[in-house]
Amino acid sequence: MKPSLNPRNEIAAKRRKRRIKKGIFALLVPFRGYSLVMVFCWLALAARGESLLLKNATVHPVSGPALSPGDVLIENGKITQVGHLDVQADKVVDLTGQHLYPGLLALNTPLGLVEINAVRATLDLEEVGQFDPEVQSWVAVNPDSELLPVARANGIAYFEPTPVGSMIAGQSGLMSMDGWTTEEMAFQKPTALHVYWPSMEINAGGRRGRRRRGGGGGASMEEQVKERARKIKDLTDFFSDARAYAQARDAAKTNSAPDPGLNPPWEAMRPYLLGQLPVMVHADELRQIRAAVQWAETNHLKIVLAGGRDAWKVGGLLASNNVPVIYSQIYGLPSETESYDIHYKAPELLRQAGVKVALSLEDGVDAASQTRNLPYVASQAVAYGLPSDEALKAMTLYPAQIMGVDDRVGVIEPGKTATLFACTGDILDIRANVTHLWMAGREVSLESRHTRLYDKYKNRPKPK
């Protein structure tokens, strides 16, 4: 027997129906006098969104030769056509004399996690502990940072806020330069797990077999070697434990094996152990790089080398193991035995060896305010041999491939997200100024603290 309905529920249901009918009527009031066909056509056009045609620019698709002049048609936030176009659009922007590029990607940066170096409360780079794979850097990004608009004004459209730590610092995501909150800004998450390789250097000043006298307390060479081996063993054991945990949890789902229970740090390791996402190893010294590549091969891990000061010395090893490099040592000081320009030449040496190279600035809190200078890092490498088209790829296509988002950004092609910027000249030329930036087809403001201060003091009354 069907139970009778509660009279109160029936009354509430009737009220809801009346509210829905009133809402529909309110929506259709503006269309009184029009046929239903016309109404639905209008709604379809509204849903389609405004089309945008960028005309007469020197278009740099990155994936192919430049088009001069070239046009780009954008619809629904996507690039739909590229070439010499004769089409209609809701809005047309004439970019005669300007260059059009895909938005730049800044990887391995503290941008968004650092505001003022001297104010501790504005630093959110690091968590306590040696092993923090569950830490998510994108959650800590400050959407109101004054440094974000400054970088955006020079063509930086996406950035990877990188956590810092003693061993496993956490995970990073790729953030968009457009959004009110971290949730809106998160373009892809997670993208990489960050491992800081233990130092391989030995201080020969330590006394053999015991600590030095005096206040220094330096360890002996034997103690330093043991400490280095212990750290690498701890790192390897952590990955092994995480792999055993994943296997035990999977086994518990398919048979009667006991479930070890949820362990957040080990659970966060799953996509990296399976090779679905890369482990970004931060290493500069030659022995660090060799040890990291061997470790990754032994443990069947997909790695990306970040920093890479001495990577040019083992380009063949990196190429044979398909290890891309995020090179951040362009402005680093060479050693006493190296030529003054070795770090300027390093990207080209790596490219000749067959290594995929993305460019970034040096690590550290100071890099947050310098992220805007990414194009000039690339131009320095061009001045010392790197082809200009490869330098452009090192800021667009290659970082997108490393982050796993090359199906959406990094080039100007039909079907890609319409994140583009226009500037008055070659972006590798410091004299060029960015005039427009579109994020997913929507133009965003290029105003920043720099422009506000410029306008303020430009209009300062002259002294009498």
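The values are calculated or read from the model by the stated rules, or taken from the named source; none is laboratory data. Just so you know, these numbers come straight off a predicted model, no measurement behind them. Note that we place each Cβ from the backbone using ideal geometry, even for glycine, and neighbour counts take in every protein chain shown. Protein only, heavy atoms only, side chains kept; ligands, DNA and RNA dropped before computing areas. Shrake-Rupley method; radii C 1.70, N 1.55, O 1.52, S 1.80 Å.
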Can you find a residue that is open to solvent by 60 Å² or more (accessible area, probe 1.4 Å), touching a residue at least 60 places away in the same chain (Cβ under 8 Å) and not in a helix (DSSP H, G or I) anywhere in the stretch 422-438? yes
For a quick check of your reading of the model, give me the residue pairs whose first member lies in the stretch 360-373 and is touching a residue at least 24 places away in the same chain (Cβ under 8 Å) and closer than 8 Å to S328 by Cβ, whose second is acidic (D, E) and open to solvent by 40 Å² or more (accessible area, probe 1.4 Å), with beta-carbon atoms closer than 7 Å and at least 6 apart or on different chains. none
Inspect all residues belonging to the stretch 308-316 and state whether any of them is more than 25 Å from the chain's Cα centre (by Cα), among the β-branched types (V, I, T) and open to solvent by 50 Å² or more (accessible area, probe 1.4 Å). no
Can you confirm whether the stretch 302-312 contains a residue that is basic (K, R), within 25 Å of L273 (Cα to Cα), at pLDDT 95 or above and in a loop (DSSP other than H, G, I, E, B)? yes
Pick from the stretch 299-358 the residues that are out of contact with any Gly (no Cβ under 7 Å at 6 or more places or on another chain) and basic (K, R): which of them is nearest to V382 (Cα to Cα)? R351
If we ask which residues in the stretch 353-369 are part of a helix (DSSP H, G or I) and buried (at least 20 other Cβ atoms within 10 Å of the Cβ), their number turns out to be 2
Pull up the stretch 403-416, narrow it to residues that are surrounded by fewer than 24 Cβ atoms within 10 Å (Cβ to Cβ) and not aliphatic (A, V, I, L, M), then point me to the one that is nearest to L305 (Cα to Cα). G404
Suppose we filter the stretch 333-352 for residues that are open to solvent by less than 10 Å² (accessible area, probe 1.4 Å) and either within 22 Å of the chain's Cα centre (by Cα) or charged (D, E, K, R) (or both); how many remain? 2
Top-ranked residue of the stretch 243-262 - restricted to ones that are within 23 Å of I303 (Cβ to Cβ) and of a type outside the set (A, V, I, L, M, F, W, C), ranked as least open to solvent (accessible area, probe 1.4 Å): Y245
Per the filter on the stretch 91-113, residues under 15 Å from F421 (Cβ atoms) and under 13 Å from the mean Cα position of the chain (by Cα) are G103, L104, L105, A106
